[in-house]
Every structure is written in C-alpha cells, then in structure tokens.
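Worksheet for the structure shown next.
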Amino acid sequence: MADSKIESDHGLNVRMFMTGLALVILYVIIFTVLLNVGVQLVFVIVICGGLLFSQYYFSDKIAMFSMHAKEVTPAQEPKLHQIVDRLCLLANMEKPRVGVAEMDIPNAFATGRSPNHAVICATRGLMNRLNDEELEAVLAHELSHVAHRDVAIMTIASGVGMLAGLVSRIALWSTLLSGGGRSRSGNQIVLLEMLTFVVSIVIYVIAFLLTMALSRYRELAADRSGAILIGKPSVLASALVHVTGDMGRIPRTDLRKSEGMNAFFFAPALAGNTAASLFSTHPSLEKRLDALKKLEVELNG
Amino acid sequence: MGLRDTLFGRTKQVAPKLDGLFALPSAALTLESELDLVPSGNAGLCFKAGSGETTITTDDEIIALLNFDDKTGTVKVTTDDLGFKWLVVTDPELDGLVTRIHGANTTMVEHGLGPRLLCAVFGFVPKTPPGDGAVRMVYLLKQGTFYPFAPTGPNQRDNELELRVRSFVGDDLPMEKDLARWMALWNLPVS
C-alpha cells in the first residue's frame, strides 16, 4: 500500500532501541553484582519478581482502584462506548473494558496486563472539556498503548530500577551487619559490599532516568499510532492543548493525589514546569505537538 | 502484532477484506425465502475521513472519486453524529449495490484509504409490511464478517430477530462470531 511507510518513525525506533539496549546492559551489570554478593540472589529475585508480577498482573485493578474509576456499560455511557467500538473495529483489536473516573482532572489512561485484560478509562473532566472528535483522538492514543503492550514493556523496564533499589538496600544492610570486619576475608567482603552499594545507587539513578526516557518514547509512539488510526494528527494536537492548557491552571494540591498514576496517564498530572524534563514520564507538549505536526505533513505528502 | 512492533511501539494499519461482500447476494435469497426480507435498494459505506490531501476532505471530492457507472443509482455523502462519513448508494438491484460498494472500496484502497474503512451496510425490508421489521446486514471490512442490525427505536434493537437472521444465513455468510462486535449504528443514514 502506498501509505505503508508512514507507520514507522526511524529516529524514534533508534532512540527506543538504544534505551532498551541500555536497560539490557544494566540487567547484565546488576546480575554480575548479584552473583558476587551470592547469598542474597534467590531472596532478591523472589521479592522483586513477586512484586513486579503482581503489579503487572493486577495492573488494571490497581489503576482502576487508585483512580476511583468504575467500569461503565454501554447503557450508562453510550457515546463513550460507541467511540471505542468504532475505533476497535477500525484497528481490528479486541474491545477493552471501558471505565469512567468521576474526577474533574481532564485525563485518560489505559492499563491491563494484555490486550484481552485491558481497560480504558476517561475522567469525567476529560469528557466535559473535549468535543467528541478530540475525545476520540485521546481514546485512540490510549488504545495504542493497549496495542503496544505498554504496561508489560514499562513493567519490565521499571523492574530494573526496583531490582537495583533492592540490591542497594540489601548491600547496605549487610555492610552494617558485618560491622568493622575482623579478618582479612571479612574486610574484602565489606569492601565488596560497599562497592555493590555505590554501584547499585548509580545504577538505580541511571535506570530511573532510562525508564523515564523510555516512557516518553512510548508516549510519542502512542501519539503517532493514535493519530494515524483517526487519520487526523491535528485533532489529537488540539486535544493535547486543551487538556494541558486546562491542567496548568488547576492548583497543585488537587493534582498531587494522582501523581502515582503518572506513567499511565495521557498527560501527567503535575502542575507547572518544576519537574525537569529529564525526570518526566511524558514528553513536553511542544515535543508532542512537533511530532504530530511532522506526522500531519507525512500523511499528506 | 509481532514482537518487533511491540518493542518499537508501532501499530500496523489494518487492510480491509473486500471479497466477503460477494457472498451477500446468495444469502439474500435465503433471507427472502426464510424471513420474507428483500433488499431495500439502499446501501452505505462508513469510513473515517482523515485530514489532508491523500485523505480526502470534501464531500464533492469523494463523490468525484467514486464517480463510476452512474446509470441507475445515486450516490451521496453524509456525516454521522460521531464524525464518520457515509457514502450512501441507491440501486434497486442488490447485485448493483454490492458492485457499487465494492467499487467504492477498491477505489478508496487504491487511494491509500483502506485503513479508514469501517463497515458497509445493506438495507433489507419485509416483503409484505409490516412483517418482523427491517434488518440491515452490516459487513465489517477489517474483520471480513457480517452481522445483522435491526434497530426498532432510537436506542433499541431487536436482538431476537438479529439472532434469527444469523441462524438462517450463518451457512451462506461469514458471520461475526464475537457478539460484542455487533456494533449498534444508531441513526444510520441507510434505510
């Protein structure tokens, strides 16, 4: 087909690949360190794995619960369901469950461990502020997250950070326990564990930054796929401007409640520009609008 | 979706399945003999109009694009309340309707608009009114499957009649097995 080449953005792919590669290298470093520590290996893996798995497996329930979102039937929210119905048929994907969060912050999220267990959720504020076409654009963006399996990807990515955090804590703990170290071999162990501690702190910071970077690329990718699905990048851009413009005006105190959900949100619920872009889960509005503008040109070229 | 698409966050655009349409005329015979339903002479094609040149914007351009053999029928374009465009075709012969809709599909695919196509709808009415009510046969272009849609009011549909239609034409047509995909098309411009 003539338009097949609009589907992939080479630069974006390269950056995502590099981020992913960096994460894999981190895994290798961590496991080397872990093997040196030896005893704690099983313990660390069980705890980390268990926490991560439940976070991943129950992602839909956790997200719905913490956002006070309720699943809605087609009778309760006919328009929302109709829009999702049509988008899913256009994209030939399973229809996720549909939920609404009764809060005024205009936002939307999609989560769930697999496309079959996905839930897509919009806040009341979003539905009140956007027109139907813009709402459709936002839902298309969220459906793209489902199609891209972003919950799984981000869980794996953030797993590295958790693993590093745990290792550093255990290292610290055992350093304190072994105290001054009486024998020569004891000294070596203490040194080794001090090293582990420093290394894993560094790794934790790097992993965190990389996870944030990956999250931003996934957002851009979802913007892209969503805009291609509805065929109108400009509508998604206008929805973004509406949502973000409104959000800047809402006082910070109201928004803090939902900060924990940032990674799965359409626009992050942080007021102001205080958070440096390096620590942000979402790309800046300018970057997203820029990418959409380029896509608009691409689609028409 | 493949692993690489997942890793890189890409969605493949879905190409429509066009050929399933041609099963409709033989199913129409069954509909007439078993359920007393005959083609209404109306059909529609529902698609999502994009922005820009390759994705056409104005109605005139779409009609010009689809201006094929125009002896017996008419073609017009409307927009529904969800912003989807409908190409509405009239032709007394079902074969003619199917050919026109297929032609429209092919033209749109040739112009790179295949991923924008949602569904095609063919109207069926009782031969001896009032009968059991009118039924639209909806063809989902991405899935390549049919389902019946029998609206009875602004927000009501006759599920019993729809399931009866499925039981009769299930052998003739590729029916949509997932009932969740039997999308309601309220206020559709095809009678």
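The values are calculated or read from the model by the stated rules, or taken from the named source; none is laboratory data. For clarity, every value in this text was computed on a predicted model and none was experimentally measured. Note that each Cβ is placed from the backbone with ideal geometry, even for glycine, and that neighbours are counted across all protein chains shown.
Listed values, structure above:
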{"read-out": "In region A:126-139, the residues that are assigned to a helix (DSSP H, G or I), over 11 Å from residue A:80 (Cα atoms) and more than 10 Å from every other protein chain (Cβ to nearest Cβ)", "value": "A:126, A:128, A:129, A:134, A:137, A:138"}
{"read-out": "All positions within region B:128-144 that are surrounded by fewer than 20 Cβ atoms within 10 Å (Cβ to Cβ) and within 26 Å of residue A:93 (Cα to Cα)", "value": "B:144"}
{"read-out": "Residue that is more than 14 Å from chain A (Cβ to nearest Cβ) and touching a residue at least 60 places away in the same chain (Cβ under 8 Å), where the choices are B:148, B:189", "value": "B:189"}
{"read-out": "Test: residue A:86 is within 9 Å of chain B (Cβ to nearest Cβ) and either part of a helix (DSSP H, G or I) or touching a residue at least 12 places away in the same chain (Cβ under 8 Å) (or both)", "value": "yes"}
{"read-out": "Region A:101-132, residues that are out of contact with any Ser or Thr (no Cβ under 8 Å at 6 or more places or on another chain) and aliphatic (A, V, I, L, M)", "value": "A:110, A:120, A:122, A:126, A:127, A:130"}
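Each row is one residue, and each column tells you yes or no for (1) touching an Asp or Glu at 6+ places or on another chain (Cβ under 8 Å); (2) at pLDDT 90 or above; (3) surrounded by 16 or more Cβ atoms within 10 Å (Cβ to Cβ); (4) not hydroxyl-bearing (Ser, Thr, Tyr).
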| residue | (1), (2), (3), (4) |
| --- | --- |
| B:99 | no, no, yes, no |
| B:105 | no, no, yes, yes |
| B:171 | no, no, no, yes |
| B:179 | no, no, no, yes |
